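Okay, structure first, notes after.
Every number here is computed from the coordinates shown, using simple stated rules; none is lab data. Keep in mind that what you see is a predicted model, and the values were worked out from it rather than measured. As a convention, Cβ positions derive from the backbone with ideal geometry for all residues, glycine included, and neighbour counts pool all protein chains shown.
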Amino acid sequence: MRQSGRARLSAAGLSSKACLCREVRKHRRYVSTKAPTAWTEDQFARIYIQSISNAARMVGAAIERMENPPPLTFLVHNNARLRQFEDSNARIQVIEDGSRHITKRFDIKVMPTPQEPLIEHRATSIHYRYQTLVKNPGQPDLQAMQNSTALKLIRCYEQLTKLDEPIRNYILPQASLQILSTLQQLKDHFRHDSTIVFLQRNVGLIETVNREVFPDPDKRPNYMSGRLTHQVWSKKNHSQTNEFINTFKGGDLLRALVRFDMEHRNEQINESPFLLNHIPSGNLFLGPVCIDTDHEDFEDLRIRQKSANYLTNSLLGATILGTKIVKQEDDLEHRLIHQGIEAALFGVTIVHNCRTGDVLKQEESNARVRRLLQEIWAVIRYDASDLSFEKLAQRVERFVVNCTAGKPLNPMFNALVVGKETDIEVSHIQRMNFPHLFCMLSPFEKRSRLDAY
């Protein structure tokens with residue numbers, strides 16, 4: 001079904017109609033009525049990074065290694081992270097080619113409403129999700145396995161360093177499932193001249209944030225979209241897991257991985273979240289300030305872009321990130337292709353219970369991927385009319401080859417193993433509730449897999 005120009009507006013770019021309207025209006029005389037926020041010197045310069053995920057630590061460590069780094073603060077959801085911070089001697093370690101780089105110049109603060117960690121509930125979640133699995137002969141009952149890790153909860157909330165000041169520069173390298181709840185907790189700390197950098201690959205995310213978190217355009221902060229291509233990991237058994245997957249010789253891969261994950265669960269929980277392995281290659285692709293065609297004029301956009309320059313320059317100055325400024329049109333096409341790859345491949349690997357690198361080797365799964373690609377391409381063309389089917393198919397094949405060489409499983413399969421929801425639940429399935437936003441149908445293949453069990 002063909003969508004209107006406004007309906008096709010995505011988080012990373014504009015339709016041609018919106019661009020034309022912008023060109024027509026850009027010469028109009030306009031004076032912004034928004035007064036600049038009176039930031040203190042520290043508030044103006046400080047950069048906040050959400051969570052201590054792999055991507056968050058990568059960005060933070062890169063910024064800290066600048067010659068004159070800005071003040072840096074990591075925001076975490078629960079006070080258990082503060083104890084882990086103390087146990088790691090208040091530093092982040094990044095290992096590159098056998099060399100260890102220590103990051104010390106940063107703060108860590110807890111969100112305004114700290115949440116208790118959910119580690120103790122993870123095993124229960126796995127048991128519940130997989131209690132109806134058809135067991136192979138001689139296979140143990142997964143429900144009998146228990147998480148024996150003793151979890152220490154730190155409840156001295158009154159002693160925590162909580163966030164109590166406005167945020168000007170904010171980097172959000174978090175899973176899409178968590179973004180709305182995170183921003184709801186922090187929305188009162190943002191001003192109209194604050195800047196949020198979204199480090200996700202989903203399309204339509206910013207429209208959702210506007211609708212659910214910042215419905216008032218006069219109080220809406222600046223948005224920039226980015227995507228990180230660095231290879232980083234923190235699990236000690238990362239290579240061991242990949243070796244297990246690559247040497248798996250047939251059978252129920254999903255069940256075998258659940259078993260493997262449960263056997264190594266205690267090791268993963270006891271790992272330091274402040275230790276990171278990094279292959280020194282990759283880039284941070286950063287787009288310009290996103291345009292709100294309904295509520296602003298050209299001069300207002302120029303002012304917002306100027307207020308975002310500090311954070312942009314800081315990311316450009318972190319040379320390890322390899323930051324590159326890209327056009328919105330190019331960024332949008334990349335995101336559409338990436339989301340198409342997710343829709344075509346991720347659900348199919350679960351349906352056929354196979355590694356990502358094997359999905360095109362099996363006749364049935366290959367045919368299903370090809371059929372889905374035709375449907376996906378028909379949707380993508382509304383926002384990327386120059387994208388050919390051949391280019392989309394080549395990108396899918398390249399992704400499969402790269403997974404064969406480095407990452408045998410895709411994020412959806414990994415999330416299914418540990419009992420987590422995935423970003424695709426937000427970017428595809430829940431998006432069906434808002435048909436004016438970009439959506440794909442293939443995650444229902446995932447549902448059929450789960451229902452079959």
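General remarks:
- Förster radius 41 Å - calculated FRET efficiency between ILE325 and LYS249 (Cβ-Cβ, nearest 0.05): 0.30
- Cross-linked pairs LYS361/LYS391; LYS104/LYS420; LYS104/LYS306; LYS306/LYS420: Cα-Cα separations exceed 28 Å for LYS104/LYS420; LYS104/LYS306; LYS306/LYS420.
- Footprinting exposure proxy for TRP233, TRP377 (fewest neighbouring C-beta atoms within 10 Å first): TRP233, TRP377
- Each residue, GLU364 and ARG398, gets one label point 7 Å from its Cα in the Cβ direction; the gap between the two is 3.1 nm.
- Residues TYR48, TYR310, sorted so that the one with the fewest Cβ neighbours within 10 Å comes first: TYR310, TYR48
- A simple count of charges around ALA38, restricted to other residues whose Cβ falls under 12 Å of its Cβ and scoring Lys, Arg +1 and Asp, Glu -1, yields 0.
- Extension gain, LYS104 to ARG211: 0.36 nm times the residue separation minus the Cα-Cα distance gives 34.7 nm.
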